[in-house]
Amino acid sequence: MPDHSAVLTTEQVTEFGSNANQNPSLQLMQNIVTQRDVNEVALDHKIVSDASHNFSNVLDDWSVTNQARSGRCWMFAGLNLFRSEARDILNLKEFEYSQNYVMFWDKLERCNFLFEAIIETADRPLDDRTVAFLLQSSINDGGQWDMFVSLVNKHGVVPKEIMPETESSSNSARMNSIINYQVRQGAMAIRDSYASEQGLEGMRGAKNAALNSIYQILSIHLGTPPKEFNWQWTDKDNEFHRDGTMTPSEFAEKYIVTPMEEFVCLVHDPRKTSPVGRTFTIEYLGNVVGGTPIKYLNVDIQLMKDLTLQMLQDGKPVWMGCDTGKQMHRDKGIWDADLFDYPGVYGANFDMDKSARLEYHQTRMTHAMLFTGVDVVDGKPKRWRVENSWDNKVGDKGFFLMNDSWFAEYMFEIAVPKSYLPDNLIKALDSEPIVLPPWDPMGSLA
């Protein structure tokens, strides 16, 4: 029998009801919220009225992209970071790299990465927490900066017109479901090979058979990535150009001039378990076996702001990751730490700090975008301009406004050139990273 004090009793429920009846605003809020979206009720219109989409520093003079119904924000943000320099080299007003091309290789590489993790853990029981996590999380669209770098370094890039979007690249749920069936079936075959003592050769044979099926499925859904292609274009001055036949790696080498390898990932993790100035990584997080290892450098949030500001003032957009869904108005394109007054609506506390929200799984990085502008008042950033990848029908033609209060609470990561760091943090990059478990919230994918 359970402890009586653990049971929800009739007396407790009666007391709750009595307390509610004594709350003079509850009936009013009930009348409103049962008829309207609570965010319409809680929205702070003073913040909205002060949210001008005008900034003292703006880099973007291009249109936003559209990841559609997929979770590819991290690769959209990565490709968008480098498309501005390609536009200049090609003398084009608008240009996009093929997100579908990068997606194909990410899926295949990630399946191989996961199968290798299954091989490494084949001696553990299925209910081992790590094995269960690997099988449960499996393959999705999310990713990280270092994963993007690994893909481009190994497979290059192509213009969007060479491998355009498909139904499944823009609406990936069905394809992912099919792939995950094959992944779990392949994992079963690998573990069966181990159990029948076929050794590493047998497990790798099972892996290759599964990867062969997955390659065919990806080709059906996304098309077959080109090994080489003919590249020619007419620029904005109506002049014709031809590069001839190129491989994706040759195209990347010519048109991505910013050295990606010089970028490092800075994160803000305020938990006591993650000391400032230390590097850390997440076990079994990645996509390309042998690629760029995932490594984060934990920094103070003020330094993250300072470096973002410095890069923008130097004319460089900034790749970033955040918890996008919190305190956001999608249509208006606004983020503010106090945009919705939930305490006023519910009469309840919403006062966990950022560290507690991480520890109790109330926040994590969910989305990647680009900083492309900032409004500086008296030497300090007041608001930040963000290029999103949700089409041009939201915000300011697809660009969002982030008030500085939101930056502190819900920003988690930026990618910056190593040269922007102070000397002590450059040295810290060489330290052996702290290894966090696969399920740690800082291992979440944008």
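Derivation of every value follows stated rules applied to the coordinates shown; laboratory data play no part. What you see is a predicted model; the values in this text were computed from it and never measured. All Cβ positions, even for glycine, are placed from backbone atoms using ideal geometry, and neighbour counts span all protein chains on display.
Beta-bridge orientation, the range 57-443: approximately 80 percent antiparallel, per DSSP, counting only bridges with both partners inside.
With both partners inside the range 267-409, how many of the DSSP beta bridges are antiparallel, as a percent to the nearest 5? The answer is about 90 percent antiparallel. Pop the C-beta distance of ASN39 and LYS272 into the FRET formula with R0 = 35 Å and round what comes out to the nearest 0.05. After rounding, the FRET efficiency stands at 0.60. Modelled label positions at ASP378 and ASN208, each set 7 Å beyond Cα in the direction of Cβ, lie 6.8 nm from each other. Here the Gaussian network model covers the chain, with springs between Cα atoms less than 10 Å apart; of PRO293, PRO248, PRO343, PRO343 fluctuates the most. When both the range 164-210 and the range 25-56 are represented by their alpha-carbon centers, they are found 46 Å apart.
Per DSSP H run of n ≥ 4, the term is -39500 (n - 2.57); total these for the chain, divide by its residue number, and report the mean residue ellipticity at 222 nm rounded to 500 deg cm²/dmol.
Value at 222 nm, helices only, nearest 500: -12500 deg cm²/dmol.
Here the range 211-251 is scanned for amide nitrogen atoms under 17 Å from the site 7 Å beyond the Cα of ASP192 along Cα-to-Cβ, giving 211-214. Please label the shape of the chain as rounded, prolate or oblate, based on the square roots a ≥ b ≥ c of the eigenvalues of the alpha-carbon gyration tensor (a/c under 1.5 means rounded; beyond that, a/b larger than b/c means prolate, else oblate). Judged from the Cα gyration tensor, the chain comes out oblate (a/c at least 1.5, b/c at or above a/b). For a test of the definition: using alpha carbon positions, the gyration tensor, and the 1.5 limit on a/c, classify the range 196-283 as rounded, prolate or oblate. Oblate, because a/c is 1.5 or more while a/b does not exceed b/c.
Each peptide in 254-263, 169-178 was scored by the mean count of other Cβ atoms within 10 Å over its residues; highest first, the order is 169-178, 254-263.
Among the trypsin sites (Lys or Arg not before Pro) found in the range 85-159, those both in a DSSP coil and sparsely packed, with 13 or fewer other Cβ atoms within 10 Å of their Cβ, are LYS93. Tell me, in nm to one decimal, what length is gained between GLU250 and LYS93 on full extension, where the rule is 0.36 nm per residue of separation less the Cα-Cα distance? Going from the current span to full extension adds 54.3 nm.
Sequence neighbours fewer than 8 away in the same chain don't count; with that in mind, list the aspartates and glutamates whose C-alpha is under 19 Å from LYS354. Counting by Cα, and skipping residues close in sequence, LYS354 has these aspartates and glutamates nearby: ASP269, ASP300, ASP323, ASP336, ASP338, ASP341, ASP404, GLU409, GLU413, ASP440.
Annotation for LEU8 and ASN54: the two label points, set 7 Å from Cα along the Cα-Cβ direction, are 5.2 nm apart. Sketch the reach of a paramagnetic label on ILE178 as a point 7 Å from Cα along Cα-to-Cβ, and name the residues of the range 199-221 whose backbone nitrogen lies under 11 Å away. Backbone N within reach: 214-221. Taking GLU109, GLU359, GLU11 as the candidate residues, the one with maximal mean-square fluctuation in a Gaussian network model of the chain, Cα springs under 10 Å, is GLU11.
Taking a span of 20 Å or more along the helix axis (Cα atoms) and a mean Kyte-Doolittle hydropathy of at least -1.0 as the rule, the DSSP H helices of the chain that qualify are 73-90, 99-120, 173-195, 199-222.
The stretch between LEU26 and VAL289 holds 89.1 nm of extra length on full extension. This uses 0.36 nm per residue minus the Cα-Cα distance.
Placing a pseudo-label 7 Å from each Cα along the Cα-to-Cβ vector at ARG69 and LEU303 gives an inter-label distance of 4.3 nm. Would you mind checking the pairs LYS295/LYS382; LYS160/LYS236; LYS46/LYS397; LYS107/LYS160; LYS107/LYS316 and listing those with alpha carbons more than 20 angstrom apart? Where the Cα-Cα span goes over 20 Å, the pairs concerned are LYS295/LYS382; LYS46/LYS397; LYS107/LYS316.
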